[in-house]
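Notes for the one structure printed next.
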Amino acid sequence: MIQGLFHYEFLQNAFLTGILIGIIAPLLGVFIVVRRLSLIADALSHVTLTGIAASLLLERSVAPLTGLNPIYMGMVFSVGGSLFIEKLREVYKSYQELAIPIIMSGGIGLGVIFISLANGFNTDLFSYLFGSVSAVSRTDLYVILAISIVVIMIIRLLYKELFILSFDEEYAKASGIAAKSIHFIFIVMVALVIAASMRIVGVLLVSSLMTLPVAASIRIAKGFKQTIFYSILFGEISVLGGLIISYYADFAPGGTIVMLAVLILVITILIRKMMAKNYSLKEEMSGERS
């Protein structure tokens, strides 16, 4: 495989893209999980699928659009879905969580219509659903690189504001932080990362890469920054390990990546239990001595 990395461009694209996604997806996922917005990734992934299906339909129907990269239409729909979620959160102020299932339902319904108009599933659509190593182009790599740079810069610049917003939104507003604007920027970043990650992980599994590494890191981390570090570490292990296993075993990369992330989560839960058991034993022994 190492020789293949030097000879085949698609492998280079897949691994470089995987490294970038392994950083930005868990990085945003930490803030998503802390803000209890985990389902928003699922909603936007389904909206992204609708954009991809619409792009594939347009390729068949409109000759000048033949060869259009579906990732662009997926991004447009994903960002549009994030904006609609924000609008619905304002409409249902007392039931803001309703915005997510509404957009998810609409995205699934519209996606099914586009897929049926495009004469059902085809190879291209399956690669976007479950991920494909060979489907990652150099253009996809450049797009993801640009998004990664923007996301990391914004997180670095707005880290303090995002941190406060994640733990206490009311205090953030009282402190003069432009909560609405920052949340808008954050939700658009999430939408772009979901759309960009679909080539490797697949639209239906990308939300897992935003939440599973974070769920694992929460079990062993001792602070917020440590949670971010472990989330990125577990994300990279899942992505790179999943790509290597899928290459040799001929598995779908998306499913392999997610199952590795699940395995890491189970291991961290067991480690946490063992640590808690050891701590309780030490407490009992110290109590008996005293």
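Hey, could you check the stretch 162-207 for residues that are polar (S, T, N, Q) and in contact with a Ser or Thr (Cβ under 9 Å, 6 or more places away or on another chain) and say which is farthest from Y128 (Cα to Cα)? Here the answer is S207. Residues of the stretch 47-62 include at least one that is free of Cβ contacts under 8 Å to residues at least 60 places away in the same chain and either closer than 30 Å to E169 by Cβ or not in a helix (DSSP H, G or I) (or both).
Look at (1) buried (at least 16 other Cβ atoms within 10 Å of the Cβ); (2) β-branched (V, I, T); (3) modelled with pLDDT of 80 or more and you find that V133 fails only one, number (3). Here D250 meets the list (1) surrounded by 14 or more Cβ atoms within 10 Å (Cβ to Cβ); (2) on the phi > 0 side of the Ramachandran plot almost entirely, failing just condition (1). If the condition is being out of contact with any Asp or Glu (no Cβ under 9 Å at 6 or more places or on another chain), at pLDDT 80 or above and either closer than 16 Å to L37 by Cβ or of a type outside the set (G, A, S) (or both), then the stretch 91-106 contributes V91, Y92, L98, P101, I102, I103. Of the residues contained in the stretch 192-210, one or more are found to be under 20 Å from I85 (Cβ atoms), surrounded by 18 or more Cβ atoms within 10 Å (Cβ to Cβ), touching a residue at least 60 places away in the same chain (Cβ under 8 Å) and not hydrophobic (A, V, I, L, M, F, W, C).
Residue count for the stretch 31-87 satisfying the condition of being under 22 Å from E97 (Cβ atoms), surrounded by fewer than 22 Cβ atoms within 10 Å (Cβ to Cβ) and hydroxyl-bearing (S, T, Y): 1.
Highlighted here are the helices (runs of 4 or more DSSP H) found entirely within the stretch 145-236 that include at least 2 residues which are aliphatic (A, V, I, L, M) and touching a Leu at 6+ places or on another chain (Cβ under 7 Å): 179-197, 206-220. Within the set E161, E236, E169, the sole residue that is over 18 Å from I32 (Cα atoms), surrounded by fewer than 24 Cβ atoms within 10 Å (Cβ to Cβ) and of a type outside the set (S, T, Y) turns out to be E236.
The values are calculated or read from the model by the stated rules, or taken from the named source; none is laboratory data. As the structure is a computational prediction, the values presented were derived from the model and not from experiment. All Cβ positions, glycine included, derive from the backbone under ideal geometry; neighbour counts span all protein chains shown.
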